[in-house]
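The block underneath contains the structure these notes are about, expressed in structure tokens.
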Amino acid sequence: MPLSSLKSVAVGPARPSRAARRGLLGVVALAALLAGCASEPPPPPPPAIPQFTSPIPASALIGRYGLAAYHRPEDAVRTENQAKAQCSNPYIITAGPNGGVLMYLADDTKLTEVISKQVPGMPVFIGPPEDPAGGERDRQVVSFNGNVLALKWVDPEVARRYGTMVYVRCPG
């Protein structure tokens, strides 16, 4: 066929149909969505443990104590006298390896290092340093005058069983 018999046709990029354009947009949107799913956001940081002070130094707690407990506040004085009588079989609080003291936690047969801790506006607690002040394993300091220490467990079930514990420093 002679070239002169061919009709002149404009040659260039073909324009996609409307359906093809919608399909292409759908593929692009799906790719963006999948890309967002593939890259998960970083996990949130762990919650910060509140910073606390240690109002009772470990050195003030180290010693030999008579120990007794009461459940009713009106028994506090009588219990203190009973604790004094227990000095023949003392409860011994020793220094811990990291600056705290070694004491037993509720229902635990091994010594655990504990510290005194307080968050502003809250009472003083004695418990493991990794727990927040007032945590379930803590004891609240009811009173401490250097010779008599009264502690109440934070966990209500443990507090019901053990009552308020009174430690009276033994002479010598």
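Considering segment 143-172 alone, what residues qualify as being part of a strand (DSSP E or B) and under 17 Å from residue 63 (Cβ atoms)?
Residues satisfying the conditions are 143, 144, 148, 149, 150, 151, 165, 166, 167, 168, 169.
With the requirement that a residue be surrounded by fewer than 21 Cβ atoms within 10 Å (Cβ to Cβ), over 21 Å from residue 83 (Cα atoms) and touching a residue at least 40 places away in the same chain (Cβ under 8 Å), what does segment 132-152 give you?
132, the sole residue that qualifies.
Could you list all residues from segment 94-119 that are touching a residue at least 40 places away in the same chain (Cβ under 8 Å) and over 19 Å from residue 65 (Cα atoms)?
Once the filter is applied, which keeps residues that are touching a residue at least 40 places away in the same chain (Cβ under 8 Å) and over 19 Å from residue 65 (Cα atoms), segment 94-119 yields 99, 107, 117, 118, 119.
When you go through (1) in contact with a helix residue (DSSP H, G or I) (Cβ under 8 Å, 6 or more places away or on another chain); (2) farther than 29 Å from residue 172 by Cβ; (3) among the β-branched types (Val, Ile, Thr) one by one for residue 53, which number turns out not to apply?
Failing condition for residue 53: (1).
Among the residues of segment 124-142, is there at least one that is in a strand (DSSP E or B), closer than 15 Å to residue 56 by Cβ, among the aromatic types (Phe, Trp, Tyr) and at pLDDT 95 or above?
Yes; the residues of segment 124-142 include at least one that is in a strand (DSSP E or B), closer than 15 Å to residue 56 by Cβ, among the aromatic types (Phe, Trp, Tyr) and at pLDDT 95 or above.
Can you tell me which of (1) among the β-branched types (Val, Ile, Thr); (2) in contact with an Asp or Glu (Cβ under 9 Å, 6 or more places away or on another chain); (3) in a strand (DSSP E or B) is the one residue 115 doesn't meet?
All conditions pass for residue 115, except number (2).
Please go through segment 60-99 and give me each residue that is among the hydroxyl-bearing types (Ser, Thr, Tyr) and either surrounded by 17 or more Cβ atoms within 10 Å (Cβ to Cβ) or closer than 19 Å to residue 145 by Cα (or both), ordered by number.
65, 70, 79, 91, 94
When the residues of segment 105-123 are filtered to those that are touching a Phe, Trp or Tyr at 6+ places or on another chain (Cβ under 8 Å) and of a type in the set (A, V, I, L, M, F, W, C), which remaining residue is nearest to residue 139 (Cα to Cα)?
106
Which of the residues spanning segment 136-172 are under 16 Å from residue 64 (Cβ atoms) and small (Gly, Ala, Ser)?
146, 172
Looking at segment 68-77, can you tell me whether even one residue there is closer than 24 Å to residue 52 by Cβ and touching a helix residue (DSSP H, G or I) at 6+ places or on another chain (Cβ under 9 Å)?
No, there is no match, as no residue in segment 68-77 is closer than 24 Å to residue 52 by Cβ and touching a helix residue (DSSP H, G or I) at 6+ places or on another chain (Cβ under 9 Å).
The values are calculated or read from the model by the stated rules, or taken from the named source; none is laboratory data. The model shown is predicted, which means the values in this text are computed figures rather than measured ones. Glycine also receives a Cβ, built like all others from the backbone with ideal geometry; neighbour counts cover every protein chain displayed.
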